[in-house]
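K.L.:
Take this structure, written in structure tokens, and hold onto it; I'll ask about it next.
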Amino acid sequence: MKTRFNTLDIVCVVKELQKFIGLRVNNIYDIDSKTYLIRLQGGEQKQVILLESGNRIHSTNFEWPKNVAPSGFSMKLRKHLKNKRLESLSQLGVDRIVDLQFGSGEAAYHVILELYDRGNIVLTDYEMTILYVLRPHTEGDKVKFAVREKYPQNRAREEEGVSKEKIVEILGKTKTGDQLKKVLVSNLEYGPSLLEHVLLKQGFTNSTKIGKTFHINQDIDKLMLGLSEADLIFKSVQKGLLKGFIIQKKEERPATDTKEVEYFYSNQEFHPMLFEQYASMPYKEFDSFCLAVDEYFSSLESQKLELKAVQKEREAMKKLENVRKDHSQRLVGLEKAQEEDKQKAELITRNQELVDRTILSVQMLLGQQMSWDNIEEVIDEARTRSDPSALAIKKLKLEINHISMFLQDPYAESTNIDQSNQENEDDDKIPSMVVDLDLDLTAFANARRYYDQKRTAAKKQQKTIESHTKALKSAERKTKQTLKDVQTITNINKARKVYWFEKFYWFISSENYLVIAGRDQQQNELIVKRYMKPTDVYVHADIHGASSVVIKNPTGLPVPPKTLNEAGTMAICYSVAWDAKVVTNAYWVWGEQVSKTAPTGEYLSTGSFMIRGKKNFLPPSHLILGLSFLFRLEDGCIEKHLGERRVIAQEGDSSVSIQDSELGKEEDVEVPVLDESDEDEINKDGEIDKKNIENLTDKNIVESGNIEEKTDGAVQEESSSGSEDEENSRFPDTHIKIQHSGGTKQILTEPVVKDQKQQDEDNIIFLGDDKPVILKPNQTKARSRGVSESSNKDRSNKSQKNEPVKQSQAKRGQKSKLKKIKEKYKDQDEEDRRLRMDVLQSSGNQKDVKKCKKGGKEQQSRNTKREPRTPRLQVPKDCNDLDDDEPTVQADVDMVNALTGIPLEADELLFAVPVIAPYNTLANYKFKVKLTPGTAKRGKAAKTAVSMFFKDRSITSREKDLLKAVKDEQLARNIPGKVKLSAPKMQNLRK
């Protein structure tokens with residue numbers, strides 16, 4: 001299959017892409033490490049150019065799966081090329097190098113694509129100084145492809161005329177027997193397909209060899225006619241556009257006896273014209289070359305899946321054919337064995353006297369206790385005397401007490417028989433052959449032994465014939481099932497969509513929130529910097545080696561406690577706590593509290609973040625995860641599953657109903673979220689013992705989630721501003737109120753807004769058990785003072801609906817700057833400011849009124865001096881400003897709603913996605929198995945779990961097919977480490 005451009009292809013594409021000159025770069029994306037998309041826009045016209053290092057460049061209308069996180073090269077291209085106009089697109093000389101120039105003058109940048117060897121993409125400035133190179137390397141001793149080096153512009157080969165003298169010189173340097181086409185391809189720039197086309201038209205095939213089937217003096221004129229035609233085609237492509245052709249190959253699908261033969265067409269080549277060598281092959285024609293190339297590469301993956309399926313089908317049919325062949329050969333072998341045994345028995349009977357005499361002679365020699373070598377000598381001596389018995393013996397097999405005799409039919413040697421009798425006897429004639437004889441048996445007994453063997457073979461043959469139909473039907477049934485499974489899995493793989501969050505650890509919470517976590521420090525930083533919004537919730541375990549967990553919160557409303565606890569469990573399990581088998585707790589903060597900005601004079605390493613404000617600690621979680629599957633629903637079935645993962649609220653309040661059959665008594669427990677001072681006091685009173693993990697935790701730095709806290713210097717000034725009252729106002733304590741009634745546990749969350757009398761009663765708190773913890777008086781007073789002031793402010797502002805508010809404050813060193821700004825813009829009203837911001841195309845620090853082209857609502861500007869505690873949703877300035885890499889709110893919601901763990905019998909399922917989540921999250925899922933720290937390897941545990949799911953009596957055939965289509969590496973990818981499997985009736989399922 002053709003995978004890269006030749007020179008003719010590049011000439012054709014460069015000519016077609018000239019119509020894109022004048023369009024501006026809208027954005028740049030990367031499909032993989034070698035393939036990039038440049039989106040161009042001009043007025044109503046939108047186009048996309050695809051560049052693949054070393055292989056191709058063309059326009060595309062296909063929706064390629066872009067990487068969610070842009071690579072460093074993509075970011076570099078965006079920085080320099082965004083909003084630049086495409087000024088020129090040209091081929092360097094006649095080489096496989098394309099130069100795209102964006103911008104003009106000193107603001108010009110060049111993207112140079114190399115389409116030969118290993119390929120390369122180079123970004124340079126207007127002076128051709130390399131700014132970024134995809135594949136840094138050195139050619140020879142002088143030419144370096146590295147940043148700050150000059151790109152060598154004279155390296156491309158220039159077009160040279162093709163003369164007779166030049167061709168004669170090229171051919172004169174070859175050896176006798178060299179292929180003509182191969183020599184010309186390496187010395188001329190026409191490309192292999194075009195050269196093969198013109199050579200065939202002149203009568204030179206691919207097997208034409210110089211000095212044998214091609215003679216320079218005799219055939220040079222015909223060769224020059226062909227090369228002249230190639231030159232004309234080459235120039236016609238440079239002047240005008242050609243059509244596009246995809247050359248195909250007709251593939252036959254294996255078929256059973258009851259199934260008709262099916263065919264499918266696999267793409268083999270793409271060309272700007274229909275060449276002579278492909279005239280007899282099936283092909284598809286397109287209006288332009290770019291359309292043909294786009295179709296060819298966009299269907300490449302599906303073609304590979306189809307070819308792989310055909311290969312598996314052929315293997316299955318080959319196995320069936322082998323079963324038939326083996327059965328037939330076995331029957332033939334048994335028939336042949338019967339015939340041979342019968343003939344041997346007849347030969348022994350017809351030569352009875354000779355056989356008995358020979359057996360007796362050998363027995364006598366053995367009876368004299370002669371050695372086997374001496375017996376051989378005696379027999380050889382008897383042969384010299386022409387003894388009949390000695391002549392008949394061909395081999396002694398005394399180790400098994402056998403001899404081999406060459407026996408002939410004595411009745412076939414008669415010569416005095418008339419013609420008619422001779423014809424009858426020819427029918428009964430037995431061919432001569434070597435027969436093994438047992439020395440312990442007489443001639444008659446040896447003949448009977450062969451007759452017995454013949455009867456045994458006849459019985460085997462009869463049994464084989466009787467079982468033939470049954471065995472063949474079983475093999476055909478298995479083959480048909482294999483063919484069906486292959487086709488089903490192929491269709492599933494074609495429909496399988498890889499979601500953007502699958503590159504991380506992830507799960508969907510019980511209340512339909514998408515939760516993601518980083519696999520390493522780089523992914524932790526990516527999640528926080530790119531995917532976490534101010535409205536999202538950041539969760540981290542209070543332990544070394546934990547992942548950064550983010551709860552995607554598109555609505556901006558408070559996240560329910562159950563989801564917070566599930567995210568906390570995830571944070572703990574994806575940490576060193578799993579292997580150490582220790583239990584600890586996690587905490588959560590709002591996304592806006594997490595920052596990559598380090599205090600003045602300090603540095604944050606990769607994967608480290610600053611948390612400003614108070615951390616909200618969650619109860620300790622057990623190390624229990626579960627493995628299950630989510631099924632992608634067909635769009636028409638999604639509505640039936642809406643709300644199966646939702647917050648169950650009671651009438652009149654915002655409580656969450658959680659089923660808990662183990663808690664049957666009714667009691668109220670108030671658990672305030674712990675801050676650091678509370679935690680220290682609890683440790684002193686011995687209620688929460690952290691001795692098992694004191695080597696794993698660190699107050700200042702948590703690595704691999706790498707959260708850094710600072711309690712002095714600039715950070716202390718920023719987080720508290722010297723006032724606990726304002727801190728409590730900005731980030732108030734949250735109480736989790738747990739009510740037990742019968743078998744139901746109700747959790748209510750509310751801000752702590754109490755008067756002094758209520759605060760005095762809060763000196764004693766309960767942590768879910770009957771053991772009280774007494775807090776320090778100064779802690780209680782500090783909290784009471786801060787919360788009371790916050791409560792008074794809330795009661796004075798009804799528009800805020802009793803939500804706590806926070807006071808924005810100037811950072812150190814900004815007061816003088818703010819004073820100057822205030823003086824400069826003291827005469828500017830709000831309307832003037834809005835107009836200035838529109839001219840500058842900047843939203844400033846406030847949320848101005850921005851309208852979406854789709855007719856969305858306006859978002860009014862807010863006073864930046866006071867904002868509500870709950871983070872606000874960020875609205876883009878314009879619908880067109882949405883980055884394609886950024887998942888929109890509605891897209892995220894629809895994507896999550898299309899996945900279900902509780903498939904119904906009538907549902908149409910497209911594919912299955914394995915998921916690892918806290919076990920209580922999977923309570924209602926159809927397939928689930930519990931994972932705890934253990935000794936089993938991840939891969940083996942995942943396969944065992946799936947085999948258990950297959951044995952589930954409620955599993956449907958479609959669900960089986962979907963689970964079979966899941967690859968082993970996908971199953972075990974998110975398991976945190978070595979595990980122990982647990983499931984109801986697990987031992988029975990294993991048996």
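K.L.:
Cross-link list Lys319/Lys943; Lys181/Lys243; Lys15/Lys46; Lys640/Lys951; Lys318/Lys470: which exceed 22 angstrom alpha carbon to alpha carbon? Write down the numbers at each step before the final one.
P.N.:
Working: Lys319/Lys943 26 Å; Lys181/Lys243 25 Å; Lys15/Lys46 19 Å; Lys640/Lys951 27 Å; Lys318/Lys470 19 Å.
The pairs that break the limit, which is 22 Å between Cα atoms, are Lys319/Lys943; Lys181/Lys243; Lys640/Lys951.
K.L.:
Could you rank the peptides 115-126, 3-14 by their average count of other C-beta atoms within 10 Å per residue, with the highest value first?
P.N.:
Working: 115-126: 18.0, 3-14: 20.7.
Going by the mean number of other Cβ atoms within 10 Å, highest first, we get 3-14, 115-126.
K.L.:
Does the range 1-154 come out rounded, prolate or oblate by the C-alpha gyration tensor, with a ≥ b ≥ c the root eigenvalues, rounded set by a/c under 1.5 and, if not, prolate when a/b is larger than b/c and oblate if not? Don't skip to the end; give the middle numbers.
P.N.:
On the way: a/c = 1.32, a/b = 1.19, b/c = 1.11.
Judged from the Cα gyration tensor, the range 1-154 comes out rounded (a/c under 1.5).
K.L.:
Could you give the length gained by full extension between Leu472 and Glu158, i.e. 0.36 nm per residue of separation minus their alpha carbon distance, to one decimal place?
P.N.:
Details: separation 314, 0.36 × 314 = 113.04 nm, distance 6.67 nm.
Result for the pair: 106.4 nm of gain on full extension.
K.L.:
In nm, to one decimal, how far is the modelled label at Thr205 from the one at Tyr116, with both set 7 Å along Cα→Cβ?
P.N.:
If labels sit at Thr205 and Tyr116, their model points lie 3.1 nm apart.
K.L.:
Per 0.36 nm of contour for each residue apart, how much would the distance between Tyr825 and Ser266 grow if the chain were fully extended, relative to their Cα-Cα spacing?
P.N.:
Details: separation 559, 0.36 × 559 = 201.24 nm, distance 6.87 nm.
Length difference between fully extended and current span is 194.4 nm.
K.L.:
Which pairs break 25 Å Cα to Cα here: Lys552/Lys581; Lys397/Lys454; Lys529/Lys819? Mind dumping the intermediate values first?
P.N.:
Numbers: Lys552/Lys581 28 Å; Lys397/Lys454 23 Å; Lys529/Lys819 32 Å.
As for pairs spanning more than 25 Å Cα to Cα, those are Lys552/Lys581; Lys529/Lys819.
K.L.:
Follow-up. First select every other residue whose beta carbon is under 13 angstrom from the beta carbon of Leu398; then total the charges, Lys and Arg +1, Asp and Glu -1.
P.N.:
Working: positive: Lys395, Lys397; negative: Asp373, Glu376, Glu399, Asp436, Asp438, Asp440.
Local net charge: -4.
K.L.:
Taking amide H atoms as placed 1.01 Å from N in the peptide plane, list the residues 5 or more away in sequence, or in a different chain, whose amide H sits under 5 Å from that of Gly244.
P.N.:
Phe286, Asp287, Ser288, Phe289
K.L.:
Given the pairs Lys84/Lys239; Lys533/Lys615; Lys478/Lys937; Lys2/Lys34, which are separated by over 22 angstrom at their Cα positions?
P.N.:
On the way: Lys84/Lys239 28 Å; Lys533/Lys615 18 Å; Lys478/Lys937 32 Å; Lys2/Lys34 17 Å.
Those over the limit are Lys84/Lys239; Lys478/Lys937.
K.L.:
Continuing with the same structure: Given a 1.4 angstrom probe, I'd like the percentage of the accessible area of the range 1-153 that is carbon and sulfur, rounded to a whole number. Walk me through the numbers before you get to the answer.
P.N.:
On the way: 2920 of 6560 Å².
Carbon plus sulfur share of accessible area: 44 percent.
K.L.:
With a sphere of radius 14 Å drawn around the Cβ of Leu232, what net charge do the other residues whose Cβ falls strictly inside it have (Lys, Arg +1; Asp, Glu -1)? Don't jump to the answer; show the numbers that get you there.
P.N.:
On the way: positive: Lys201, Lys235, Lys239; negative: Glu229, Asp231.
Taking every Cβ under 14 Å from that of Leu232, the sum is +1.
K.L.:
Would you mind checking the radius of gyration and Dmax of the range 72-177 based on alpha-carbon positions, in Å?
P.N.:
Radius of gyration, then largest Cα-Cα span, for the range 72-177: 17.5, 58 Å.
K.L.:
Here's a follow-up. What does the net charge come to around Pro152 if you take all other residues with beta carbon closer than 10 Å to its beta carbon, with K and R at +1 and D and E at -1? Mind showing how you got there, number by number?
P.N.:
Working: positive: Lys142, Lys144, Lys150, Arg155; negative: Glu139, Glu149.
So the surrounding residues net to +2.
K.L.:
Label the range 158-301 by shape, choosing from rounded, prolate and oblate, from the square roots a ≥ b ≥ c of the eigenvalues of the Cα gyration tensor; if a/c is under 1.5 it is rounded, and otherwise prolate applies when a/b is larger than b/c, oblate when it is not.
P.N.:
Details: a/c = 3.01, a/b = 1.65, b/c = 1.82.
It is oblate, given that a/c is not under 1.5 and a/b is not larger than b/c.
K.L.:
Within 10 Å of each candidate Cβ there may be at most 16 other Cβ atoms; applying that plus a DSSP loop requirement, which GluC sites (Glu not before Pro) in the range 56-120 survive?
P.N.:
Within the range 56-120, the qualifying GluC sites (Glu not before Pro) (loop, at most 16 other Cβ atoms within 10 Å) are Glu63.
K.L.:
I would also like to ask the following. Taking R0 as 22 Å, what's the FRET efficiency between Ala279 and Gln18 from their Cβ-Cβ distance, rounded to 0.05? Walk me through the numbers on the way to the answer.
P.N.:
Working: r = 30 Å, r/R0 = 1.37.
The computed FRET efficiency comes out at 0.15.
K.L.:
Also: What FRET efficiency do you get for Glu644 and Lys937 if R0 is 30 Å and r is their Cβ-Cβ distance, rounded to the nearest 0.05? All intermediate terms of the calculation are to be shown ahead of the outcome.
P.N.:
On the way: r = 33 Å, r/R0 = 1.11.
Once rounded, the FRET efficiency stands at 0.35.
K.L.:
Same structure again: Take the Cα of Ile170, step 7 Å along the line toward its Cβ, and report every residue of the range 3-34 whose backbone nitrogen sits under 20 Å from that point.
P.N.:
Hits in the range 3-34 for Ile170 at 20 Å: 5-12.
K.L.:
Under the rule a/c < 1.5 gives rounded, and otherwise a/b versus b/c splits prolate from oblate, where does the range 80-120 land using the Cα gyration tensor?
P.N.:
Working: a/c = 3.19, a/b = 1.99, b/c = 1.60.
Note, shape of the range 80-120 comes out prolate.
The values are calculated or read from the model by the stated rules, or taken from the named source; none is laboratory data. These figures come from a predicted structure and were not determined experimentally. Ideal geometry is used to build each Cβ from the backbone, glycine not excepted, and the neighbour counts take in all protein chains shown. For the accessible areas, the whole protein counts, side chains as well, though only heavy atoms, and no ligand, DNA or RNA atoms are used. Shrake-Rupley method; radii C 1.70, N 1.55, O 1.52, S 1.80 Å.
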